[in-house]
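Reading through the structure tokens given below for one structure.
Bear in mind that the values in this text are calculations on the coordinates, not laboratory data. Model, not experiment: these values are computed from the prediction. Here the Cβ is made from the backbone with ideal geometry for all residues, glycine too, and neighbour counts use every protein chain on show.
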Amino acid sequence: MIKKTAILLLILFSLNIYAEEVSEYRGSLVKSFQVGSNNDQLGYLTGEDAWGSSETKPGNFFSTTLGEFILSDIINNRIIYYDKFFNVILILEDNIGIRYSGRMKDTSNILYGTFNNTRFYAINKSNKKSIELLIPETINSNGNKTLFTDQVIFTYLKDGSLASFVLEDRENLKFSKRLSEHETFKLFRNKKKYGLEGYTIDKSKRMFYNGQLLNTDFSTKFDYWKDLHKKNSLEVPRIIPGVPEYNKLDIMKGGSTYIGTDIDGNTYYDISQSLIIFDKDGWVLDYFFFKDRILIKPAVNSNGDVFYLLREGTKDVPVLNLYKIDRKW
């Protein structure tokens, strides 16, 4: 179903691309990674050496609130932290599979990750201890709906209920059993104990921090924006070339991935080799295609600059080049 929706989404956007002139931005080279296992290299395999497909490449790539970047080096079993100039500042060996996570969250002392909302990972960055938590596939929710705080993992189940795991021992990464929705709501009665000061939940079970929506899956985000527009009688402020009518963007619920949010509250979603940007009120701000086939999903820093990785070099000696598109929206 998700694959079918993604195809329909691309068709819908493509029809508009031919009718209108879509934004084009050229990135500048900021870093070249040789292929290998040294600290300043990345793993990459093709052909017969690849793991079960024609290409085995790095995994998740995102920026942190501290201005750092994190990249999953899948082949070399590690997570690499970079500073804003892409110098290596920390390497975490991965013994549990967090490098395969579709989503990650970096907190002050712990790196969290989740794979298909059925496997949840945590690594203590200080002592390197790690843990994996599981939820049966039959009850988990699709759509990357998991939320991480410094002390609690929140996740949504297929029946729409909210569940959670509480970190009870930070040093040894001891978590509580999976809490039911009733038990999860009770956590908010003692916010200080569970590090939930500033967090709230509305009647639709959407979570907020200091009034800002935390849910980033497009389904929840788009429904929230539509509620906001209706409540405040807002109308579409601009037309963006290549983007369908706003009410048709519901189709993105099955084919887009959250990339990040910048300092102005603009939200970035990846749609298979293209990027769509929404402003803080949920209106489309910009949309553009990547001219070249990007290797993995892009990342965005707090300033709104977009970073993407290309496989270049030669067939025999590939090089993974990182490019940056300075914010223009």
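Summary table below
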| read-out | value |
| --- | --- |
| Extended-chain gain in nm, criterion 0.36 nm per residue less alpha-carbon gap, R26 and S302 | 97.4 nm |
| Principal axis dimensions, the chain - Cα atoms, whole angstrom, descending | 55, 53, 35 |
| Approximate spin-label separation K328-Q273, in nm, with each point projected 7 Å along Cα-to-Cβ | 2.0 nm |
| Sites D227 and N38, calculated FRET efficiency, Cβ-Cβ separation with R0 35 Å, nearest 0.05 | 0.10 |
| Added length on full extension, which subtracts the Cα-Cα distance from 0.36 nm per residue, T200 to D159 | 12.6 nm |
| Pairwise label distance in nanometres, V88 with T138, each label 7 Å out on the Cα-Cβ vector | 4.5 nm |
| For the range 94-212, alpha-carbon Rg relative to the globular expectation (2.2 N^0.38 Å, N residues) | 1.01 |
| Violating pairs (Cα-Cα greater than 25 angstrom) within the set K158/K205; K226/K297; K186/K280 | K226/K297; K186/K280 |
| Sequence-distant lysines (8 or more away, or on other chains) whose Cα lies within less than 16 Å of K125 | K105, K174 |
